[in-house]
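Comments concern the structure below.
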Amino acid sequence: MSDVEKEPLLDPAVARLLTGVVILGALLFMLWFFVTQWSGLLDFFKWLGAGLGDFPRAVSRVVTHYSTLPLTQVLPSLVIGLIYGAVTTSRITPTRKAFWSLVGALLGAFGSQLLVLPTQHCTFAPTVDLTQALIGIGITLVGSSVVLVPLWTYVRVTVARYEASSGYFRNRWLPYVLILPMVLNLIVFLYYPSIQTVTLSLFNKRNPLPQERFVCLDNYARLVNDAIYQNSFFTSLILTFILVILSMSIALSIAVLASQKIKFASVYRTFLIFPFALSPVVTGAIFLAMFREGQTGLINAALYSVTGTTLSWLRDPHLARVAIVMASVWNILGFNVLFYIAGLQNVPKDLLESAQIDGANRGQRFFMITFPLLAPFSFFLLVTNVTYSFYGIYGAIDTLTSGGPPLGAAGEGGGATNVLIYKLYEDAFNPGSPVGLAAAQAVILFIIVAGITILQFGTLESRITYSD
């Protein structure tokens, strides 16, 4: 290696100076943040302290619950978790199967109580029907999986790595120390609120009354038999399917055009990505100006000047859904274009040139070479667009249609755009709304999105080849 290659990019003194400047800037920013946001931080620490102060009482309630509950109601969930943890862990572990199976059994039994405890083991009561009993088994397996997944990851990755080599870290416990702040953050801001939401979904409670009554799975049973909720469910599926297909196909077409070698291409790409920088609420306000009733809306004004008629975009059930889809597609389009442009820039030019020499036309080169090589980007965008269509379109719906227009006589069928996330918000925050029912909707919505995501990973990811 030559002396030129060994020479560092920056002088060591300059590098130390820049490092010091960065560290000093970070410390000053943190100081400024704590000073300006002290009142909010103080409220947060009070909330956290109240939660920690309630911990002894929570432990006392758990001990009282298990001491008064019949053994026949507790034992089934423990046995299910123990068997599930032992069998699954033994199939995953490469070595020391007996030891890791025992650890998996203990963690599976412990995890089986994670979600069953908030239900107060009501799904294992002798009087429940078959449906609730099956739901109880499913909840038990999910709770066990939540605890077992870290063990499976440790056994399959960490144990095998340390048996084969020393890995990236000389200190075996350093990686866990580094991820500890993130784990604590997840526990405080994700896992604890999630458990609280699941617990709230098992109570009959109305906002803002303090009274609540444990009803086990009655809130979920009410949703299954609720015609308005069924309409919201199918409306969400329809809008999701249309939105994902349109947003990804239009984005790919625009990305192909934007990837051409033309002057000011970077400027065009910036304008194409710009809509994603706007929040869904701002997008809704823009499209409200376009689809407003009468001749005050831009589209109706143009339509009237050509045909002499106007359309009720926001009062017709079918047209309202069209308006929501158009606004949502426009909002997410820049995100999709950004990734597709990045993918198109990574397509090997020599493959395209070789295909052109062999006589392949532009369409054949695209569908036989370019499109298959974009599979990793398409898969990622499919997952993110599905998640956006279930959660991210709330702002556009709230601004444009407020869940309407109504379906059926006096709105007995709900609203044409009353999707799951919008109905959840209405039931959660309106005065006198059933908060427990809204919490059950939040759990169901999470299960739907998580299930679709897992299905996508299980069926599509194995067919995708990622380049080195």
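Computed from the coordinates by the stated procedures, all read-outs in this text should not be read as laboratory data. What you see is a predicted model, and the numbers here were worked out from it, not measured in a lab. Ideal geometry is used to build each Cβ from the backbone, glycine not excepted, and the neighbour counts take in all protein chains shown.
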Query raised in the report: By counting other Cβ atoms within 10 Å of each Cβ, how are Ser112, Ser201, Ser266 ranked from fewest to most?
Result: Ser266, Ser201, Ser112
Query raised in the report: If eta is 1.306 mPa s and T is 10 °C, what Stokes-Einstein diffusion coefficient results for the chain, Kirkwood Rh from Cα pairs, in µm²/s?
Result: 58
Report summary line: A correct fewest-to-most ranking of Leu223, Leu180 by other Cβ atoms within 10 Å would be Leu180, Leu223
Query raised in the report: Fewest to most neighbouring Cβ within 10 Å: what's the order for His65, His121, His318?
Result: His318, His65, His121
Query raised in the report: For Phe45 and Phe429 in the same chain, what is the full-extension length gain: residue separation times 0.36 nm, less their Cα-Cα distance, in nm?
Result: 135.7 nm
Requested in this report: Determine the gain in length on full extension of the stretch Val142-Thr127; use 0.36 nm per residue of separation and subtract their C-alpha separation, reporting nm with one decimal.
Outcome: 3.1 nm
**Report entry** Rough spin-label spacing in nm, given labels placed 7 Å along Cα→Cβ, for Leu460 and Asn225
**Finding:** 3.7
Report summary line: Partner lysines whose C-alpha sits under 22 Å from that of Lys261, ignoring same-chain residues fewer than 8 away, are Lys349
Query raised in the report: When the helices in the chain are scored as -39500 (n - 2.57) per DSSP H run of 4 or longer and the sum is shared across all residues, what 222 nm value do you end up with, to the nearest 500 deg cm²/dmol?
Result: -22500 deg cm²/dmol
Query raised in the report: In whole Å, what is the distance between the alpha-carbon centres of the range 390-430 and the range 323-383?
Result: 34
Report task. Quick one: net charge around Leu400, please, counting Lys, Arg +1 and Asp, Glu -1 for every other residue with C-beta under 15 Å from its C-beta. Result -> 0
Query raised in the report: Between Leu27 and Asn361, what is the spin-label point distance in nm, taking each point 7 Å from the Cα along the Cα→C-beta axis?
Result: 6.8
**Report entry** Sites Phe55 and Ile238, calculated FRET efficiency, Cβ-Cβ separation with R0 41 Å, nearest 0.05
**Finding:** 0.35
Report task. May I have the extent of the alpha carbons of the range 70-221 along their three principal axes, as whole Å values ordered from largest to smallest? Result -> 57, 34, 22
